[in-house]
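Following: one structure in structure tokens, then a few remarks.
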Amino acid sequence: NRIRYGRLEEGKLESAFSGNIIDVCPTGVLTNKTFRYKSRSWDLQEAPSICPHCSLGCAVIPGGRYRELQRVRAGVNEAINGFFICDRGRFGFDHVNHPERPREPRVDGQTVGMSEALSAVRTRIQQTVEAHGPSAVAFLGSSRATFEANALLQSWAAELGSPHLVFEADLGRDRAARALTARLGERSRSLEDVRQSDLIVLCGADPLAEGPMLALAIRQAARNGAQVVVIDPRTVELPCAATQLPLAPERLPEVLTALTKKDLSAFSRQECSILDQLASQLQGAQRPILIGAADLLTEDGVTTLCDTAEKLSSPERQVGVMTLLAGPNSYGGALLSVETSDFSQLLEAIEQGSVRTLVCLCADPFREANDPARTKTALERLQLLVTIDSTPTLAAQHADIFLPARASAELAGSYVNNEGRLQA
């Protein structure tokens, strides 16, 4: 009778992880506002799943009733999220129930049955191949699609003989993911490794924006005595103390190279004082981890990050690497990618008229490409645009043939997270 459920101070609770209170409350006093009064917990159909909102691959358990996704709660994966998830993963499921979600197949703007739509896809693609050859058909996968779906898209392209197969419309993200898959190897580190680290160097990564549960892992490491250093042009917020060094994005690979060569002549006196201390910390740490993010580091930065970890490692002590990618299956798409093919080449082929049909799997090149205006103009030249998706994207709206897909909580499949871990 002396227990009070509340806060130590008044006001609104503002946290990227506030929803975990729902799971840890022992009496059910603190409840899920988005789920309250909808259903009883035992009325839900639930299954273990993977969060689709970033590349970390946290375990979640979505629950549905009456064909509506009503709740997502934390799953347990001690190597990644432990027992908790961020609020984005817990409450960010409204896209599944979106009132504008396209649920019926369309052919030339007319609603048709699925069998008719599939037949139209087969017929029109075959007509394109017969008239212009298999190279006139291109395929665009996505980091939102499962590994199996992307692999089937790859099989479809191979069956037709099409050389145009890309799994990411954003060139920077595509090349960064490919660089990571080519270099990561045994230096890959999980969130549990981050929690056990004694030195964490964030270079061009903003965890709360790009992978919130990483911020929680860093906080746990800091509580265990780890040193945290942030090298970034932005003011990166973390739920723990950290040394911050502001540097322009183009200088991030430069600072990594300088740490390996121990040459800081290109930096100011104030920058050198922080980097000198960091160099000493890197030499003395037993479980150091370098953490970057694909969006800011790009391909060169990711490669330099892996180079730096390799050069600073010794047989007795390995320097780990973690890189945040754009989507839940960015790593998987990079594994399937053809080395010489990317979206810029695909776009040029469309502009030149050699590609006349494009199949988009959970991809929206109108928004995701680096030059949306150029992409829109190019895509308007297509004779046939086929879109397979579960969200009302621009590609879905512009599609000549649209095929509705299931959301991640509604289907079986796998994602490959940013450490190369395949999870169903």
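The values are calculated or read from the model by the stated rules, or taken from the named source; none is laboratory data. Predicted model only: the values in this text are computed from it and were never measured. Cβ placement follows ideal geometry from the backbone for every residue including glycine, while neighbour counts extend to all protein chains displayed. For accessibility, only protein heavy atoms count, side chains too; no ligands or nucleic acids. Shrake-Rupley method; radii C 1.70, N 1.55, O 1.52, S 1.80 Å.
Which value, in Å² rounded to 10, gives the accessible area of M114 with a 1.4 Å probe and all protein chains present?
It works out to around 80 Å².
Within 15 Å, Cβ to Cβ, of P212, how many net charges do the neighbouring residues add up to if Lys/Arg are +1 and Asp/Glu are -1?
-1
Test of understanding: in a Gaussian network model of the chain with alpha carbons linked when under 10 Å, which of L160, L361, L335 would top the mean-square fluctuation ranking?
The residue that fluctuates most here is L160.
Could you compute the net charge surrounding R40? Neighbours are other residues with a C-beta less than 12 Å from the C-beta of R40; K and R count +1, D and E count -1.
Net of charged neighbours comes to +3.
Semi-axes of segment 135-216's equivalent ellipsoid from the Cα gyration tensor, sqrt of 5 times each eigenvalue, largest first, rounded to whole Å?
With the √(5λ) rule applied to segment 135-216, the semi-axes are 34, 13, 12 Å.
Just name one of F139, A222, A395: the one whose Cα is farthest towards the positive end of the charge dipole of the chain (beta-carbon charges, Lys/Arg +1, Asp/Glu -1).
Result: A222, furthest along the dipole toward the positive end.
What FRET efficiency comes out for R65 versus T377 if R0 is 56 angstrom and r is the Cβ-Cβ distance? Round to the nearest 0.05.
With R0 = 56 Å, the Cβ-Cβ based efficiency is 0.80.
Identify the trypsin sites (Lys or Arg not before Pro) of segment 152-244 meeting these criteria: DSSP loop state and at most 14 other C-beta atoms within 10 Å of the C-beta.
Qualifying residues, ordered by number: R234.
Here are some values of Cα extents along the principal axes in Å: (i) 65, 64, 36; (ii) 83, 59, 42; (iii) 105, 60, 43. Which one was computed from this structure?
(i)
Taking the Cβ of I61 as the centre, find all other residues whose Cβ is under 10 Å away and add up their charges (Lys, Arg: +1; Asp, Glu: -1).
+1
At most 14 other Cβ atoms within 10 Å plus a DSSP loop assignment makes a site exposed; report the longest stretch of the chain without any exposed chymotrypsin sites (Phe, Trp or Tyr not before Pro).
84-424
Remind me, relative contact order of segment 1-130 in percent, using alpha carbon pairs under 8 angstrom and six or more residues apart?
17
Counting alpha carbon pairs within less than 8 Å and at least 6 residues apart, what relative contact order, in whole percent, applies to the chain?
Reported relative contact order: 22 percent.
With a 1.4 Å probe and all protein chains kept in place, how do S314, S41, S162 rank by accessible area, largest first?
S41, S314, S162
Report the antiparallel proportion of the DSSP beta bridges in the chain as a percent, rounded to a multiple of 5.
35
If you build a Gaussian network model of the chain, linking Cα atoms that sit under 10 Å apart, which residue out of T27, T128, T111 swings the most?
T27
Identify the GluC sites (Glu not before Pro) of segment 150-251 meeting these criteria: DSSP loop state and at most 15 other C-beta atoms within 10 Å of the C-beta.
Passing both the DSSP loop test and the Cβ count: E237.
Which one of S39, S188, S197 has the biggest mean-square fluctuation once the chain is modelled by GNM with Cα springs under 10 Å?
Maximum fluctuation in the GNM of the chain, among the listed residues, is at S39.
Please give the calculated 222 nm ellipticity per residue for the chain, where each DSSP H segment of at least 4 residues contributes -39500 (n - 2.57) and the sum is spread over every residue; nearest 500 deg cm²/dmol?
That calculation yields -10500 deg cm²/dmol at 222 nm.
For segment 324-355, state which GluC sites (Glu not before Pro) are in a DSSP loop and have at most 15 other beta carbons lying within 10 Å of their beta carbon.
For GluC sites (Glu not before Pro) across segment 324-355 that sit outside H, G, I, E and B with at most 15 neighbouring Cβ atoms in 10 Å, the list reads E339.
How high is the relative contact order of segment 128-191, in percent, counting Cα pairs under 8 Å that sit 6 or more residues apart?
Relative contact order comes out at 31 percent.
What do you reckon, how do D94, D43 stack up by accessible area (1.4 Å probe), largest on top?
In descending accessible area the options line up as D94, D43.
Please work out the average accessible area per residue across the chain, using the 1.4 Å probe convention, and give it in Å².
48
In terms of the ratio Rg/(2.2 N^0.38 Å) built on C-alpha atoms, what value belongs to segment 276-339?
Expressed relative to 2.2 N^0.38 Å, the Cα Rg reads 1.29.
Could you give the nm distance between label points at E310 and L13, where each point is 7 Å from its Cα heading toward the beta carbon?
Label at E310, label at L13, 4.6 nm between them.
From the residues A169, M213, L346, which one has its Cα farthest along the dipole of the chain in the positive direction, the dipole being from +1 and -1 charges on Cβ of Lys/Arg and Asp/Glu about the Cα centre?
Going by the charge dipole, the pick is M213.
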